[in-house]
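Read through the structure below, which is laid out as structure tokens, and then see the notes.
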Amino acid sequence: MVARSPGELLTPGFTAVPSVAWIDALEVSSSTPDDTEAIGITVASSGDVAEGLGFDRAALTRAGFGARPGQTLVIPTASGPALVAVGIGDPEALTPDALRDIAAAFARATASLRRVSLELTTSGPVDDAAAGQALAEGVVLARYRYRPLKTTTAEPPLDAVSITVEGADPAALAAGVARARATVHAASVARDLANTPPGHLTASDIGRVAVELGARFGFEVELFGREQLLELRCGGILGVNAGSEEEPVMVRLRHAGREGGRRLALVGKGLTYDSGGISLKPSDPMHLLMKMDMGGAGAILGAFTALDELGSASETTAWLMCTDNMPSGSAYKLGDVLTARDGTTVEVKNTDAEGRLAMMDALVLASEWEPDAIVDIATLTGASLMALGTRTAALFGNDDALLAAVESASATTGESAWRLPLERAYRSQLDSAVADISNLGGPYAGATTAALFLEHFVDGRPWAHLDIAGTMQSPVDDAWRSAGATGYGARLLAQLAVDFSS
């Protein structure tokens, strides 16, 4: 008998990644179909207004429409599709990021409709392919909703979106729109996994999902359970898992890339639920979000769904460290000492600083693979959220060229990251009287001391760390970020892998 996941037992027919089927069925094109229900037509802050809107600038102004970027005005029609004026501001100030947000505003204005079209009258300095990709991403990402556990829903799913750009090269525009399908697949997988309730998603479930996605999107998957983790001497994740009734799983992914491509290692934190362990979290709204503590692993798994379609030449291998962190009589305790794969002994000063413990062995394994660079991504510290909020991730690292590459990918995808100093003077905060290092620093610079802990395990290799504790979720609909899990990092890491061998 094949074991059923907890999610299937709680909700028969449940699937952890419903968006894969949605986007597979979604019609994404670069020409306006006859059966569209709404046509968005962009309007700049000056100059002529497209005749298709049926109103001149004076009429739009009287209606309160000033063509600010992302401003919308729905214009009912007696028959045929509704018209939507969509402001873009100064066309010469347009960027892919701005276009993505503008398209998202149009998507929200037409949220009750299934088939929509957006016509960009000018892309300004943005090339045709980038414009097509950004616009399609903005519409689809904004229309994402997590629905598998709802019995009714007010908004219908999006069935079709078309993107046209006046004067664009049709082939370039179509290529950009096609790339968007791959990138929204990536982000939506990450969102689905992070939005899934913890009772419906265990570490073993993530392993099953990875195997299914690997077969669908063309990457290799290998799963390591408790016994194999013991053989690999992965004391960190085994320590974190000690209080759980669920099996820990390390998921290793591999995208072959092209022969001679550079080697990129990715490491993701996959805490399916973080209670804090013995250092129990308070029962507050932040605790409710701890189902999203696997956002780093989800982002990497999502990114891998896009690598083949985007033609990434980098040989990319990832280690996803998946478990929950629960209190029980067998749970690891404050004062315990764990031993990492490389022999480093670690004193546990707080069981709620578990992500770095789960990841330390993966960083050692990644280093042993001898990659050209290592990038880890984790919902690691509340300190990064306090410093940068919910729109910008904290970025640390030891190699300027790699950090610049991450920043470039961040700028391309509109997933903001800000480089913070890896202040090594704070390394002494991690000193331990009984072990080589402790898992907790002092009361200040918590994001920095967490990064310094991770750096200990990369063996001096080029390394970057993305702390996405703030960006993993949005409390409200915000441009292309739908309320709930944002899927932050999935598109960024896919872009980084594509850029890495350039």
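Quick notes on this structure:
- For the range 52-87, the set of residues classified as within 16 Å of Ser117 (Cβ to Cβ) and among the β-branched types (Val, Ile, Thr) consists of Thr72, Val74, Ile75, Thr77, Val84, Val86, listed by residue number.
- Here is the figure for the range 12-41: residues that are in contact with a Gly (Cβ under 8 Å, 6 or more places away or on another chain), assigned to a loop (DSSP other than H, G, I, E, B) and among the hydrophobic types (A, V, I, L, M, F, W, C) total 2.
- Residue match in the range 64-82 (condition: at pLDDT 95 or above, over 17 Å from Glu51 (Cα atoms) and part of a helix (DSSP H, G or I)): no
- Restricting Ala483, Ala479 to residues that are surrounded by 20 or more Cβ atoms within 10 Å (Cβ to Cβ) and among the hydrophobic types (A, V, I, L, M, F, W, C) narrows the list to Ala479.
- Remark: Arg391 matches the filter, which requires a residue to be touching a strand residue (DSSP E or B) at 6+ places or on another chain (Cβ under 8 Å), modelled with pLDDT of 95 or more and of a type in the set (Lys, Arg).
- For Leu158: the one exception among (1) in contact with a strand residue (DSSP E or B) (Cβ under 9 Å, 6 or more places away or on another chain); (2) among the hydrophobic types (A, V, I, L, M, F, W, C); (3) not in a loop (DSSP other than H, G, I, E, B): (3)
- Test: residue in the range 330-347 that is crowded, with 17+ Cβ neighbours inside 10 Å, under 20 Å from Ala190 (Cα atoms) and touching a residue at least 40 places away in the same chain (Cβ under 8 Å): no
- Unique match (being crowded, with 18+ Cβ neighbours inside 10 Å and closer than 21 Å to Ser408 by Cα) among Leu113, Leu99, Leu120, Leu83: Leu99
- Test: residue in the range 133-144 that is surrounded by fewer than 17 Cβ atoms within 10 Å (Cβ to Cβ), farther than 22 Å from Asp90 by Cα and in contact (Cβ under 8 Å) with a residue 60 or more places away in the chain: no
- Look at (1) farther than 13 Å from Met360 by Cβ; (2) outside any loop (DSSP other than H, G, I, E, B); (3) under 22 Å from the mean Cα position of the chain (by Cα) and you find that Thr449 fails only one, number (3).
- Residue in the range 10-26 that is more than 26 Å from the chain's Cα centre (by Cα), modelled with pLDDT under 95 and outside the structural domain of Val177 (by the TED database) present: yes
- Residue in the range 42-53 that is touching a residue at least 12 places away in the same chain (Cβ under 8 Å), of a type in the set (A, V, I, L, M, F, W, C) and either closer than 26 Å to Ala186 by Cα or part of a strand (DSSP E or B) (or both) present: yes
- Verdict on Val458 being modelled with pLDDT of 95 or more, assigned to a loop (DSSP other than H, G, I, E, B), of a type in the set (Val, Ile, Thr) and more than 30 Å from Lys291 (Cβ to Cβ): no
- Ser123 vs. criteria in contact (Cβ under 8 Å) with a residue 60 or more places away in the chain and either in a loop (DSSP other than H, G, I, E, B) or among the hydroxyl-bearing types (Ser, Thr, Tyr) (or both): no
- Scanning the range 165-177 for residues that are surrounded by fewer than 21 Cβ atoms within 10 Å (Cβ to Cβ) and touching a helix residue (DSSP H, G or I) at 6+ places or on another chain (Cβ under 8 Å) turns up Asp169, Ala172, Ala174, Ala175.
- The requirement of being more than 16 Å from Ala451 (Cα to Cα), in the same structural domain as Gly277 (by the TED database) and either assigned to a loop (DSSP other than H, G, I, E, B) or in contact with a Lys or Arg (Cβ under 7 Å, 6 or more places away or on another chain) (or both) is not satisfied by Asp361.
- Residue within the range 408-421 that is surrounded by 16 or more Cβ atoms within 10 Å (Cβ to Cβ) and aromatic (Phe, Trp, Tyr) present: no
- Members of the range 462-477 that are part of a loop (DSSP other than H, G, I, E, B) and within 21 Å of Trp418 (Cα to Cα): Pro462, Ile468, Ala469, Gly470, Thr471, Met472, Pro475
Condition check ((1) surrounded by 21 or more Cβ atoms within 10 Å (Cβ to Cβ); (2) free of Cβ contacts under 8 Å to residues at least 24 places away in the same chain; (3) hydroxyl-bearing (Ser, Thr, Tyr); (4) over 30 Å from His185 (Cα atoms)) across all residues:
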{"position": "Leu230", "(1), (2), (3), (4)": "no, yes, no, yes"}
{"position": "Gly235", "(1), (2), (3), (4)": "yes, no, no, yes"}
{"position": "Ser279", "(1), (2), (3), (4)": "no, no, yes, yes"}
{"position": "Asp284", "(1), (2), (3), (4)": "no, yes, no, yes"}
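- Qualifying residue in the range 176-183 (condition: touching a Phe, Trp or Tyr at 6+ places or on another chain (Cβ under 7 Å), among the polar types (S, T, N, Q) and within 24 Å of Gly138 (Cα to Cα)): no
- Some residue of the range 197-212 being surrounded by 24 or more Cβ atoms within 10 Å (Cβ to Cβ), in a helix (DSSP H, G or I) and hydroxyl-bearing (Ser, Thr, Tyr): no
The values are calculated or read from the model by the stated rules, or taken from the named source; none is laboratory data. Predicted, not measured: the structure shown is a model, and the values here were computed from it. Quick reminder, even Gly has a Cβ in these numbers, built from the backbone with ideal geometry, and neighbours come from all protein chains shown.
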